[in-house]
Amino acid sequence: MQRKQILGRGANLSRRDFLKLGGAGLAGAALLGTAGCGGGGSGSNDVLLSFGPDDTGTLPKAVEKFNKQSDFKITYREMPSDTGQYFDKLRTQFQAGGGDIDVIVGDVIWPAQFAANGWISDVTDRFTDADEFLPGPMQSATYDGKIYGVPWYTDAGLLYYRQDLLEKAGYSEPPKTWDELQEMANKIQQDEGIKNGYVFQGAEYEGGVCNGLEYIRSHGGDVLDPNDPSKVIIDSPESAAGLATYRSMVESGAAPQAVLQYKEDESHSSFLNGEAVFIRNWPYMYSLAGSTDYPDVKPEQLGVAPLPVDPGNQSSSTLGGWNFLINATSDKQDQAWEFIRFMTSPEQQKFKAVEGSFLPTRQSLYNDPEVTDNVPVARLGKEAIIENSTARPVSPFYSDVSLELAAGFNSALAGDTSPEETVNTLQEEIQSITEQGEQVS
Ligand code: GLC
């Protein structure tokens, strides 16, 4: 079985080089992408699973439970926590013929690219209860009308705040606008002598893309036209205004200079060690509050709210989350599916929500009191967040688009490029990726 490979930057052969090859070159390059038979597996009957580090400890616990009742065993291989670095590792393995991983826990931004290359299995026929899952995550697992994964948990950007500190300062509500956030952060930071007012993920990586998009969209801008996703529309006054607000967080001193390098770990460590008043983060962080690693800030001290907005616009949260995917070259397709069904069952999703504050992908769990009573993030999530969260562009070239966005947003946040210059450059770069993509597909 041979398939044309859709390559991305950082691949052995860059996508642009690939495009330059043309005719005969394409045929040669196709050999690189052979999704052959065999491969996969970790020896014997065992099934190899990959995912990033799990701070909440819920994944190893679930794997252990599965292994106790199964006649084959799951082995968990830990991958980098930076989703881009994890992606690069997988891509290298796929390009080398498939690698040994059977089940991949993959970011919602990957299925389009992996599916277009034939690297992951089409599970449409097996996945008979797909309509019980949330539509947003299901869309992330769908490419060209076929389903390539089972959504495990969903993510959305949230604003967490120190309820105790806001009350002390006389605020009865969390901020609704970015300006209010900045003002409150500056005031409480000074009054209380706290190191940081507001922290988030501003580094040049995928999380920085998620953060930057929230500013652009909550000012009425976007990257692609929602009504015609082939049209790039990032070069607009609204998007520039979004990046100006983003930059102002650092410029005003509300956020430390260090946010330029912050990913999830650095930002949650700052907040959970009591060094920040506000943080933008994903739902998982709630379960870390008051844990042995972070005893200083207790869940009772936390408030959670939708992300702020520019007045007159809508709050926007980037849709994140992770899906179970099966390596197309794995010879353990049935075992992989059995494990995935176990992990995405209502019982396991409930366990993950209650213990790890991860948002379930099964719709029914949002009406389950055990979940809503124990996981305030889930209560807020379904009503205010999940239904309003917006996906990143779905494209076989998303990894290229993301690299441009990550660099542009980080440079705008640093003040190295003006907001206008940034959206103008991004417009050209993304347009060129999209146009070249159309020529090969
Ligand atoms: C979270 C999200 C994922 C996103 C990543 C960025 O893990 O679930 O979709 O790409 O953060 O750091």
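Considering only residues in region 60-85 that are within 13 Å of the ligand (Cβ to nearest atom) and not in a loop (DSSP other than H, G, I, E, B), the one that is nearest to Y153 (Cα to Cα) turns out to be T83.
Taken over region 86-107, the criterion of being within 11 Å of the ligand (Cβ to nearest atom) and either free of Cβ contacts under 8 Å to residues at least 60 places away in the same chain or among the basic types (K, R) (or both) is satisfied by Y86 alone.
Within the option set R126, R91, R77, being in contact with a strand residue (DSSP E or B) (Cβ under 6 Å, 6 or more places away or on another chain) and either over 17 Å from L319 (Cβ atoms) or modelled with pLDDT under 95 (or both) holds for one residue only, R77. Residues being buried (at least 16 other Cβ atoms within 10 Å of the Cβ), farther than 26 Å from D296 by Cβ, without any contact (Cβ under 8 Å) to a residue 40 or more places away in the chain and acidic (D, E) are represented in region 119-127 by at least one member. Checked against (1) buried (at least 22 other Cβ atoms within 10 Å of the Cβ); (2) within 17 Å of the chain's Cα centre (by Cα); (3) under 17 Å from A156 (Cα atoms); (4) not hydrophobic (A, V, I, L, M, F, W, C), K352 meets all criteria but (2). Does Y262 satisfy being within 14 Å of the ligand (Cβ to nearest atom), open to solvent by 10 Å² or more (accessible area, probe 1.4 Å) and at pLDDT 95 or above? Spelling it out, Y262 is indeed within 14 Å of the ligand (Cβ to nearest atom), open to solvent by 10 Å² or more (accessible area, probe 1.4 Å) and at pLDDT 95 or above.
Mind listing whichever residues of region 55-77 are on the phi < 0 side of the Ramachandran plot and either of a type in the set (G, A, S) or in contact with a Pro (Cβ under 7 Å, 6 or more places away or on another chain) (or both)? Of everything in region 55-77, those that are on the phi < 0 side of the Ramachandran plot and either of a type in the set (G, A, S) or in contact with a Pro (Cβ under 7 Å, 6 or more places away or on another chain) (or both) turn out to be A62, S70, Y76. Considering region 311-321, and only residues there that are in a loop (DSSP other than H, G, I, E, B) and crowded, with 21+ Cβ neighbours inside 10 Å, the residue that is nearest to the ligand (Cβ to nearest atom) turns out to be S316. Exactly one residue out of L365, L413, L403 is part of a helix (DSSP H, G or I), open to solvent by less than 20 Å² (accessible area, probe 1.4 Å), closer than 30 Å to I233 by Cα and out of contact with any Cys (no Cβ under 9 Å at 6 or more places or on another chain), and it is L413. A Cβ distance below 9 Å, combined with a sequence gap of six or more or placement on separate chains, defines the contacts here; from region 139-152, residues that are in the same structural domain as F324 (by TED's automatic domain parsing) and in contact (Cβ under 8 Å) with a residue 40 or more places away in the chain reach residues that are open to solvent by 50 Å² or more (accessible area, probe 1.4 Å) and part of a helix (DSSP H, G or I) in the pairs V150/R341.
Just the residues that are open to solvent by 20 Å² or more (accessible area, probe 1.4 Å) and either assigned to a loop (DSSP other than H, G, I, E, B) or in the same structural domain as G106 (by TED's automatic domain parsing) (or both), please, taken from region 197-235. Across region 197-235, the qualifying residues are E204, G220, D222, P226, N227, I233, D235.
Within region 178-196, if we keep just the residues that are in contact (Cβ under 8 Å) with a residue 12 or more places away in the chain and assigned to a loop (DSSP other than H, G, I, E, B), the residue that is most open to solvent (accessible area, probe 1.4 Å) turns out to be K195. Taking the criterion of being within 16 Å of the ligand (Cβ to nearest atom), within 30 Å of D122 (Cβ to Cβ) and modelled with pLDDT under 95, would at least one residue in region 157-178 satisfy it? So far as region 157-178 goes, no, none of its residues is within 16 Å of the ligand (Cβ to nearest atom), within 30 Å of D122 (Cβ to Cβ) and modelled with pLDDT under 95. In this structure, is P175 part of a loop (DSSP other than H, G, I, E, B) and either open to solvent by less than 10 Å² (accessible area, probe 1.4 Å) or touching a Gly at 6+ places or on another chain (Cβ under 9 Å) (or both)? Against the criterion (part of a loop (DSSP other than H, G, I, E, B) and either open to solvent by less than 10 Å² (accessible area, probe 1.4 Å) or touching a Gly at 6+ places or on another chain (Cβ under 9 Å) (or both)), P175 qualifies. For region 338-365, a residue qualifies if it is out of contact with any Phe, Trp or Tyr (no Cβ under 9 Å at 6 or more places or on another chain) and of a type outside the set (G, A, S), and the qualifying residues are R341, P346, E347, K350, F351, V354, E355, L365. Selection over region 201-239 of residues that are within 12 Å of the ligand (Cβ to nearest atom) and small (G, A, S) gives a count of 5.
Scanning region 269-306 for residues that are away from the ligand (no atom under 15 Å from the Cβ), aliphatic (A, V, I, L, M) and not in a helix (DSSP H, G or I) yields A276, V277, A289, V297, L302, V304, A305.
Looking only at residues in region 368-385 that are open to solvent by less than 20 Å² (accessible area, probe 1.4 Å) and assigned to a helix (DSSP H, G or I), the one that is modelled with the lowest pLDDT is G381.
The values are calculated or read from the model by the stated rules, or taken from the named source; none is laboratory data. If you're wondering where the values come from, they're calculated on a predicted model, not measured in any experiment. Note that we place each Cβ from the backbone using ideal geometry, even for glycine, and neighbour counts take in every protein chain shown. The area values use the complete protein model at the heavy-atom level, side chains included, leaving out ligands, DNA and RNA. Shrake-Rupley method; radii C 1.70, N 1.55, O 1.52, S 1.80 Å.
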